1. Given a Förster radius of 22 Å and the C-beta distance between N276 and K228 as r, what FRET efficiency does 1/(1 + (r/R0)^6) yield to the nearest 0.05?
2. Counting other Cβ atoms within 10 Å, keep those with at most 15, restrict to DSSP loop, and tell me which trypsin sites (Lys or Arg not before Pro) in the stretch 108-204 are left.
3. Counting pairs of alpha carbon atoms under 8 Å apart in space and at least six apart in sequence, what relative contact order in percent does the chain give?
4. Can you send over the solvent-accessible area of K430, 1.4 Å probe, protein chains only, in Å² to the nearest 10?
5. Per residue, how many Å² of accessible area does the chain show with a 1.4 Å probe?
6. How about the stretch 74-178: which GluC sites (Glu not before Pro) there are in a DSSP loop, with at most 11 other Cβ atoms within 10 Å of their Cβ?
7. Could you sort H413, H419, H38 by their accessible area in this structure, using a 1.4 Å probe and putting the largest first?
8. Considering all alpha-carbon pairs of the stretch 214-366, what whole percent are spaced by more than 22 angstrom?
Amino acid sequence: MSDYELKEMSLEKISSLVKNRDPDQTEFRQAVHEVMEHVIPFVKDHKRYQRSGLLERLVEPERMVMFRVPWEDDEGNYRVNRGFRVQFNSALGPYKGGLRFHPSVNLSIIKFLAFEQTFKNSLTGLPLGGGKGGSDFNPRGKSDAEIMRFCQSFMNELFRYVSSDTDVPAGDIGVGEREVGYLFGQYKRLTAEFTGVLTGKGLAYGGSKVRMQATGFGLLYFLREMMKQKEESLEGKRVIISGSGNVAQFACQKAINLGANVISMSDSDGYIVDENGITEKKLKWIKELKNDRNGRISEYAKEFGCEFSEGKPWGITCDVALPCATQNEIEEDDAGELVKNGVSYVAEGANMPCTDAAVKAFYEAGVVYAPGKASNAGGVAVSGLEMTQNAKRLSWSYDDVDEKLVEIMQTIHKKCTDHGMEDGRINYMKGANIAGFIKVADAMIAQGHV
Ligand code: NDP
């Protein structure tokens, strides 16, 4: 980069580049802003990264695929949804990132998730590039046969762009083991190959032990490291968790194991408050409710005699808040409520659940906050381990994988500490952004201007 370009380089410049290109992509622009806020000052201090076009390439996906997904419902009606796969950055390895099925899905959301995934995957230390995909299909209320037909039709197009060496999708909101199974079955049928093209598979056909638990467990392993810095532990702490899907369920399970008192979980209708604490037995009931019966969290309140309220849970007094549902679920006002009620730690299980203003409010109030790209990286880390096991055609034990997960989360925590120290405290967002950037940028520089 010339001296002129370097002087001109600023957060505003990168933000307006992205804005001019995609003015409507608010989530993507938000994610770029959050990362570049830390990366640009770092680049200004490090000559090695002052390369013409490096940051511009970093904010533009290598490839985006959008396609029609026609499928037939149980009444014989033909329906059409839109499918996406954004292959953002392959500097470190094959594109890797989940598929989301939710009516809110659009290109901005998939691009923000794929961009974040690039830095998250870098932090894991594994050879994984960044990608994400999905559809605006709404799985709520659909029969098993409809889900299968939809997944098959989705794969009928997606199979052209994925393989165990180019792009390896996994699950996300609305895509769990069942959907991964249907997608995998169709890929196998279309290609006549049995390979590790997807992760999050069932244990019977190449899945990894601990993959299902990995994001939630990893979140708690990361939180444990955050608390160690302050010589604190989870024992007896009041914890609230949003969501009641995959990440929330296993975050709750590990929090209970570590001695916390989990008092709230939620879904898109509202939240429950159980002052007696969610026990392992009650959590088992929640898993059956959500995973087998497609039920609503409000039913918990009736079953266990506690309160259910519509809206978000952030007004509840707690020591620890773990947002595990969706993006932008903690806005500035919610952060204010949490701070007022004494929250000490916020660790993201979901991707970008806190808005920029919420993150700033936590930082100013001295709340210890961890961004999802660091604290929820356990899921993709074990996906990476699943790819290794598939490539070697072997299967590691539960304890082996769990141990590796703990190690990876500790290493990510250390990277955040190494790069995020600021005024005697750790800025986890800064640490994660810079550590994630360095590895991707080094690989991009080494591979030339492509
Ligand atoms: P699930 O589909 O299993 O669960 C999602 C949960 O969030 C459900 O309880 C759902 O409620 C709730 N939810 C979804 N949308 C909204 C909304 N707009 N408002 C309020 N609640 C909502 O998804 P996961 O648990 O897999 O994913 C949750 C988050 O974690 C996502 O941000 C995802 O990107 C992130 N993540 C997931 C990983 C994984 O391994 N699965 C890895 C890393 C991050 P309802 O049932 O009512 O829809």
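The values are calculated or read from the model by the stated rules, or taken from the named source; none is laboratory data. On a predicted model such as this, the values are computed, not experimentally measured, just so you know. Here the Cβ positions follow ideal geometry from the backbone for every residue, glycine too, while neighbour counts run over all protein chains shown. The protein model used for the area step is the full one, side chains on, heavy atoms only, and it has no ligands, DNA or RNA in it. Shrake-Rupley method; radii C 1.70, N 1.55, O 1.52, S 1.80 Å.
1. 0.20
2. Values: sites: K111, K120, K132, R140, K142, R149, R160, R178, K188, R189, K201; in loops: R140, K142, R160, K201.
Sparse-neighbourhood loop trypsin sites (Lys or Arg not before Pro): R140, R160.
3. Working: 904 pairs, mean separation 65.9, N = 450.
Once normalised by length, the contact order is 15 percent.
4. 50
5. Ligands and nucleic acids excluded, the result is 41 Å² per residue.
6. Details: sites: E75, E116, E146, E157, E177; in loops: E75.
In loop regions of the stretch 74-178 (DSSP not H, G, I, E or B), the sparsely surrounded GluC sites (Glu not before Pro) are E75.
7. Numbers: H413 5, H419 65, H38 30 Å².
Output order, biggest surface exposure first: H419, H38, H413.
8. Summing the P(r) tail past 22 Å for the stretch 214-366 gives 33 percent.
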